[in-house]
Amino acid sequence: MKTRVAIFVLLIVALLVTACQPGAAGGGTIKIAILAPLSGPVPTFGVSTRDGALLAIEEANAKGGVLGKKIEAIVADSQCTPDPAVNAMNKVIEQDKVHYVVGEVCSKASIPISEIAEKNKVVMISPTSTNPTVTLNADGSTKKYVFRACFIDPFQGTVMAKFALSKGYKTAFILFDQGNDYVRGLAEFFEKAFTENGGQIVGKETYTAQDTDFSAILTKVAESKAEVLFVPDYYNIVNLVGAQAKEKGVTAVMMGGDGWDSADLDKNAANGGFFSNHYSPEDTRPIVQQWVANYQKKYNSVPDALATLGYDATNLLIAAIEKAGVDDPTKVAEAMEKLEYEAVSGKVTFDAQHNPIKSAVVLAVKDGKVSFAASVAP
Ligand code: PHE
């Protein structure tokens, strides 16, 4: 009798365990991990990305989830930094057993975790990492399981170079962090496009992520009489450089890329500057206005590009799972390659490198406000 009870109990346990496995028929959830820099140098990036992604999951669950299952969000803090990002990625794969990851935000964190995604056959979509190598293997081939929801830096660099030239500026000085893949790449792509289109780079200086005093290199910028100061870093660095440049009497117009996008960008330090970005809340397309209204209702703030791309990336992933019809990352990656999706930040189809081809906007920082200045198609 005792053995019978024991066998019965074992059977029940086995049934429960199977039912909780992702992909098991009739039960369980589909887990999506969100790897975002909630702490570290750029916390607004993490909070916005997480909030956008969670809203997409909430909306999908309200409509019944995906493949008839509820979606479970697993949020991990990846700090915009390689080691914590790798730890977070290993944790969500090994402990939480996720098959799908939205993240990371920063290219320098997305590059190492993309290799883990590829090795473990886990589908990863970075909402915002713009460095080309995120989706590429060392030999230049495309990582099968890795995608992104944003345009890439050769385009973004060209947008800002042409924008600067269109304003009549012919000379530029570039400041960049050699140790940051995104910053280094964008500096290089800007330089290439600026010089190829008739501009001249009159100076180039590097710093490290730990630097807080930029006075020595800003003296060189002032002396160079450059018309443009290109600083393609994140808002935390731009705030320091911008404030110190004003103290040094630098008259060059500051320009940069999507990394400036933050509620914590110091609009005095960046006053008079311009940066490229993925979307503008002033865009009048109904899909954008609907999104801005929904986000505002939920979070009481206007979504930045990170929130928008966090939302878009999560929706792309959900659409690919639905299209694949099965919780199988290999099938989902194949479905994602062929997806056509109307995202808030623009219509998405993926090229051979798993990059969407999308427009960019240029935003102006003026008198304490950030506003739309131009839209540039690829
Ligand atoms: N493009 C940046 C990177 O690759 C991340 C970023 C995107 C930051 C959008 C702000 C806004 O590191």
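Quick notes
- Selection of region 237-273 for residues being assigned to a helix (DSSP H, G or I) and away from the ligand (no atom under 15 Å from the Cβ) yields L240, V241, G242, A243, Q244, A245, K246, E247.
- Some residue of region 308-323 being free of Cβ contacts under 8 Å to residues at least 40 places away in the same chain and in contact with a helix residue (DSSP H, G or I) (Cβ under 7 Å, 6 or more places away or on another chain): yes
- Filter result for A364 (open to solvent by 50 Å² or more (accessible area, probe 1.4 Å) and among the aliphatic types (A, V, I, L, M)): no
- Filter pass, P84 being more than 23 Å from G52 (Cα to Cα) and open to solvent by 10 Å² or more (accessible area, probe 1.4 Å): no
- Within the option set E322, E334, being touching a strand residue (DSSP E or B) at 6+ places or on another chain (Cβ under 9 Å), assigned by TED's automatic domain parsing to the domain that holds G52 and acidic (D, E) holds for one residue only, E322.
- One residue stands out among those in region 217-236 that are more than 12 Å from the ligand (Cβ to nearest atom) and among the polar types (S, T, N, Q): the one that is farthest from L165 (Cα to Cα), which is T219.
- Selection of first residues in region 64-78 that are closer than 13 Å to A319 by Cα and of second residues that are open to solvent by 20 Å² or more (accessible area, probe 1.4 Å) and among the small types (G, A, S), restricted to Cβ pairs under 8 Å at least 6 apart or on distinct chains, gives the following pairs, ordered by first then second residue: L67/G325.
- V159 falls short on exactly one of the conditions (1) out of contact with any Ser or Thr (no Cβ under 8 Å at 6 or more places or on another chain); (2) outside any strand (DSSP E or B); (3) surrounded by 24 or more Cβ atoms within 10 Å (Cβ to Cβ), and that condition is (1).
- Matching entry among A209, A263 (being touching a strand residue (DSSP E or B) at 6+ places or on another chain (Cβ under 6 Å), open to solvent by 40 Å² or more (accessible area, probe 1.4 Å) and of a type in the set (A, V, I, L, M)): A209
- Residue count, region 104-131 (criterion: more than 10 Å from the ligand (Cβ to nearest atom) and either in contact with a strand residue (DSSP E or B) (Cβ under 8 Å, 6 or more places away or on another chain) or part of a helix (DSSP H, G or I) (or both)): 13
- Verdict on L165 being open to solvent by less than 50 Å² (accessible area, probe 1.4 Å) and either free of Cβ contacts under 8 Å to residues at least 24 places away in the same chain or farther than 30 Å from G310 by Cβ (or both): yes
- All positions within region 178-226 that are assigned to a loop (DSSP other than H, G, I, E, B) and either under 23 Å from the mean Cα position of the chain (by Cα) or β-branched (V, I, T) (or both): Q178, G179, N180, T208, A209, Q210, T212
- In region 230-243, the count of residues that are over 28 Å from the mean Cα position of the chain (by Cα), of a type in the set (G, A, S) and crowded, with 18+ Cβ neighbours inside 10 Å is zero.
- Annotation note: of E58, E104, the sole residue that is more than 30 Å from P232 (Cβ to Cβ) and at pLDDT 95 or above is E58.
The values are calculated or read from the model by the stated rules, or taken from the named source; none is laboratory data. Since this is a predicted model, take the numbers as computed values, not measurements. FYI the Cβ positions are ideal-geometry reconstructions off the backbone, even for glycines, and counts take in every protein chain you see. Each accessible area value is taken on the protein alone, full model and side chains, heavy atoms only, with ligands, DNA and RNA left out. Shrake-Rupley method; radii C 1.70, N 1.55, O 1.52, S 1.80 Å.
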